[in-house]
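Each remark here refers to the structure printed beneath this line.
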Amino acid sequence: MGPPLLRLAFLTSLIPVARPDTGFEIANAAILDALRAAGHEVVAIGFTRPGEVPVDRDHAAVVAETDIENAVVSPGRRLRWIAAALGSGLPVSCAKLRMAGAGRLVEAVRANGPFDAIVLNSVMLPGAFPELLSLGPCVLIEHNIEHVSARQSAGHARNPVLRRLFRREARLLEAIERRLWQQVRFVWTLSEEDRVALGPALADRSAVLPLVSSRQAAPASAQEPVSEPSHDVGLIGTWTWTPNFIGLDWFLRAVCPLLPADITVAIAGRLPAGMATVPRGVTLLGRVPEAEAFLRSCRIVALSSRAGTGVQLKTVEALQLGLPAVATTLSCRGFATMPGNVTLADTPAEFAKALVARVTASRAGDRQRVDGAAFLARQQQALSQGLARGLAAARGDQR
């Protein structure tokens, strides 16, 4: 007889929708799907963007429709968020959620309860609403070690005002995170590196959740339909998030000038304003209709992460689809081994050399694709095991 099935609240700043837009949303959907596949009843409670509908409307409670991402709101709203943060002593990332859900979020959890456990999907909501910790046994998902990412963003910021804001964010988020690590019953991270960063006191109350995307593993390369790639090198991501942009900026400034003129580069995903000028051979596509179709249209995937914690969802997708890639070591955090069609390179010269070699081989007919089914199966099994450990702790099962 297996462990009892639970009724869970999944508290998140973005409830999964039919077409997730960011790595954060893809991760949310993967974790929710795994919890439901295990038989648990899960109610997602939080926010959606205006006009979006939860993919599972029968098991979702939308507190408000609102934009909470810096890249898509007006300067006036960003200033109001900063003013609210300074007035409340909260990080900006928590203050804007407090503004969006004040008088509604905690009430929605109570109205939809009772719950056997509450899954806090990142530190931002409990940072904004510490009273959530009193509503039931809580477990926490650390998508990133947030204060580390904020500190890295401060180091990259050229504007002195932004630098000060990021430093403030890092200081306040660190205090919130360390407090939450002690208050919750269990902490999930998305990489082993982040789990270790929690410290030895959390060794027995933490586990890694290896992620999968909603896409299926690629078939064996011999079975794939042959089509001529549209681009030599492809990058995809949410580039408006500063840790992601640090890697894109490094690729454009340091790697692209070393590539031959005949190699084409396509960049897909939401871009920050003012990115009109790029090196020769680079095309900015913006958001694309289908991420998988874009990735398959590129000979080689470039994974250029230089900052951030957690795990790179674009790395997960490349491995799951069996696509050849050149990656920085940081892009591969969270993975013990990499397949033979992925080259690790951490200097601009090494990265460019590896791209040229793989593009040349692809043009000569070597598609360098592998079957991602084994990778997907390993990820799914480990994800289920990690979730089970955390939920046992939420039940108070110490075995």
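Throughout, read-outs are computed from the coordinates displayed, never taken from laboratory work. A quick note: this is a predicted structure, and the numbers were derived from the prediction, not measured. Cβ coordinates were reconstructed from backbone atoms using ideal geometry, including for glycine residues, and neighbour counts include every protein chain displayed.
To check you understand DSSP bridge types, tell me what percent of the beta bridges within the range 221-371 (both residues inside) are antiparallel, rounded to 5.
Details: 0 of 17 bridges.
If I count the DSSP bridges inside the range 221-371, around 0 percent turn out antiparallel.
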Residues of the range 9-33 with amide N under 17 Å of the 7 Å Cα→Cβ point at residue 84: 12-15
Sites residue 201 and residue 392 - FRET efficiency at Förster radius 22 Å, r taken between beta-carbons, to 0.05: 0.70
Relative contact order of the chain, pairs being alpha-carbon contacts under 8 Å that are 6 or more residues apart, as %: 16
Segment residue 157-residue 102, length gained on full extension (0.36 nm per residue, minus Cα span): 16.7 nm
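Could you give the length gained by full extension between residue 71 and residue 346, i.e. 0.36 nm per residue of separation minus their alpha carbon distance, to one decimal place?
96.1 nm
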In degrees, nearest ten, helix 146-156 long axis to first principal axis of the chain (Cα): 40
C-alpha long axis of helix 23-37 to longest principal axis of the chain, angle in °: 60
Crossing angle, helix 75-88 versus the chain [Cα axis fit, 0-90 degrees, rounded to tens]: 40
Dipole in debye (nearest 20) - the chain, about Cα centre, beta carbon charges: Lys, Arg +1; Asp, Glu -1: 980
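Over the Cα atoms of the chain, what is the Rg over Rh ratio if Rh follows Kirkwood? Spell out each step's value before the answer.
Numbers: Rg = 21.1 Å, Rh = 21.9 Å.
Using Cα coordinates only, the ratio equals 0.96.
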The range 221-371: relative contact order in percent, alpha carbon pairs under 8 Å with at least 6 residues between: 27
